[in-house]
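Notes to accompany the following structure.
None of the figures in this text is laboratory data; all of them are computed from the coordinates on show. Since this is a predicted model, take the numbers as computed values, not measurements. For neighbour counting, all protein chains shown are included, and Cβ atoms are generated from backbone atoms with ideal geometry for every residue, glycine included.
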Amino acid sequence: MALYAFVVALDESGQTVRDRVVSLVVHSVAVLVFGLLVLVVGFPLWGGFKSLVHANFYTQDLRQAGPLAPITIGGLQHAVIGTLEQITITLAILVIAFIKIRYVILDFMEIRRAPLPMRIAAEIWVVAVCTATVLLYTA
């Protein structure tokens, strides 16, 4: 980096040298972060790829599997069921929260007695935010 700064300083002003060095640092950090992301995502995929070709991976749970069990024993059925349970609980909590938000807007902000266009706008806003939150969560 110091060599790059020296070479740039031969032809450019101090401000340009600082700009180029900062640009080099930012781009280096971006490449490092992207490389780490590829490593973090790629390592489990690479290690788990051999499991994807076995049918038991999709049809069995982990009742008979242990830490030293072969790859032909066990599957992801527990994980799928647990994930669906957690998503259902979260969505139920979100719906309850948005119903409460609607009542707060209608009663405490006194939109219930406001002109019809304002009430319609408030209702549309609540529905839009609720829908967007649920869609972003489940995507």
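Quick notes on this one:
- Whole-number D in µm² s⁻¹ for the range 76-139, Kirkwood Cα-pair radius fed into Stokes-Einstein, 25 °C, 0.890 mPa s: 184 µm²/s
- Rounded to the nearest 20 debye, the dipole magnitude of the range 63-139 is 120 debye, with +1 charges on Lys and Arg beta carbons, -1 on Asp and Glu beta carbons, and the Cα centre as origin.
- Theoretical gain in end-to-end length, ALA139 to GLU12 [0.36 nm per residue, Cα-Cα removed]: 40.8 nm
- FRET efficiency for GLN77 and LEU32, using Cβ-Cβ distance with R0 set to 35 Å, rounded to 0.05: 0.40
- The trypsin sites (Lys or Arg not before Pro) found in the range 28-121 that occupy coil by DSSP, while having at most 12 further C-beta atoms within 10 Å, are ARG63, ARG112, ARG113.
- Distance between the pseudo-spin-label points of THR90 and SER23 (7 Å out from Cα toward the beta carbon): 4.0 nm.
- Each helix, a run of at least 4 DSSP H residues, gives -39500 (n - 2.57); summed and divided by the residues of the chain, these come to -25500 deg cm²/dmol at 222 nm.
- Using bins of 10 Å that start at zero, the share of Cα-Cα pairs per bin across the range 40-99 amounts to 20, 35, 25, 15, 4, in whole %.
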